[in-house]
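The values are calculated or read from the model by the stated rules, or taken from the named source; none is laboratory data. Just so you know, these numbers come straight off a predicted model, no measurement behind them. Methodologically, a virtual Cβ is constructed for each residue, glycine included, from the backbone with ideal geometry; neighbour enumeration extends over all protein chains shown.
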Amino acid sequence: MPVRRPESRDTGASPALPGRAHDLTAARTHRIIRICERQGVPILADLAYQGGGPWVSTGIRRRPLRELTPTEKTLNRALAAARAPVERGVARLKTWQIFRRSRRSPNHMTSIAKAVLALERQR
């Protein structure tokens, strides 16, 4: 799971989990939410993180049969703008073919991800 501060190029990666673990499950397993809360670092996340706790800021979901209010739309746009640099960083990591085609164990993928992050920092 990639972790990035929006104001910097510093990126980290938590160890890979076996199978297709949900992002929120991975964040809880590696205690990322708890660590950020202790250090006072706010978490800006997408809608998949709803229910992650009070420290996780997510967008507002549209309720069934109701549209979002203009204020809710504005809040969602502001959150998306703040998350955009992080999403671009994650998209750049996903361009590496090793992540799409690898059949390696999660332990090996963790070290490969760290190597890719080191190479990306040199660009």
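Among the residues of the stretch 55-75, is there at least one that is hydrophobic (A, V, I, L, M, F, W, C), more than 22 Å from Leu24 (Cβ to Cβ) and surrounded by fewer than 13 Cβ atoms within 10 Å (Cβ to Cβ)?
Looking for residues that are hydrophobic (A, V, I, L, M, F, W, C), more than 22 Å from Leu24 (Cβ to Cβ) and surrounded by fewer than 13 Cβ atoms within 10 Å (Cβ to Cβ), one finds at least one in the stretch 55-75, hence yes.
Of a type outside the set (Ser, Thr, Tyr) and under 22 Å from Val116 (Cβ atoms), is that true of Leu68?
no
Looking at Arg88, Arg66 in this structure, which one is more than 19 Å from Ala16 (Cβ to Cβ) and at pLDDT below 85?
So the residue among Arg88, Arg66 that is more than 19 Å from Ala16 (Cβ to Cβ) and at pLDDT below 85 is Arg88.
With respect to Val86, is the statement that it is within 17 Å of Ala26 (Cβ to Cβ) and among the aliphatic types (A, V, I, L, M) true?
Yes.
Condition check: part of a helix (DSSP H, G or I), exposed (fewer than 12 other Cβ atoms within 10 Å of the Cβ) and under 17 Å from the mean Cα position of the chain (by Cα). Does Ala81 satisfy that?
The answer is yes for Ala81.
Would you check which residues across the stretch 84-115 are without any contact (Cβ under 8 Å) to a residue 40 or more places away in the chain, in a helix (DSSP H, G or I) and of a type in the set (S, T, N, Q) and list them?
Gln97, Ser111 - these are the residues of the stretch 84-115 that are without any contact (Cβ under 8 Å) to a residue 40 or more places away in the chain, in a helix (DSSP H, G or I) and of a type in the set (S, T, N, Q).
Has the stretch 57-64 got any residue that is of a type outside the set (A, V, I, L, M) and in contact (Cβ under 8 Å) with a residue 40 or more places away in the chain?
no
Please enumerate the residues belonging to the stretch 47-78 that are closer than 21 Å to Ile35 by Cα, part of a loop (DSSP other than H, G, I, E, B) and out of contact with any strand residue (DSSP E or B) (no Cβ under 7 Å at 6 or more places or on another chain).
If the condition is that a residue be closer than 21 Å to Ile35 by Cα, part of a loop (DSSP other than H, G, I, E, B) and out of contact with any strand residue (DSSP E or B) (no Cβ under 7 Å at 6 or more places or on another chain), then Gln50, Gly51, Gly52, Gly53, Pro54, Thr58 are the ones that fit.
If you take the residues of the stretch 1-41 that are modelled with pLDDT of 85 or more and in a loop (DSSP other than H, G, I, E, B), which of them is farthest from Leu93 (Cα to Cα)?
Gly40
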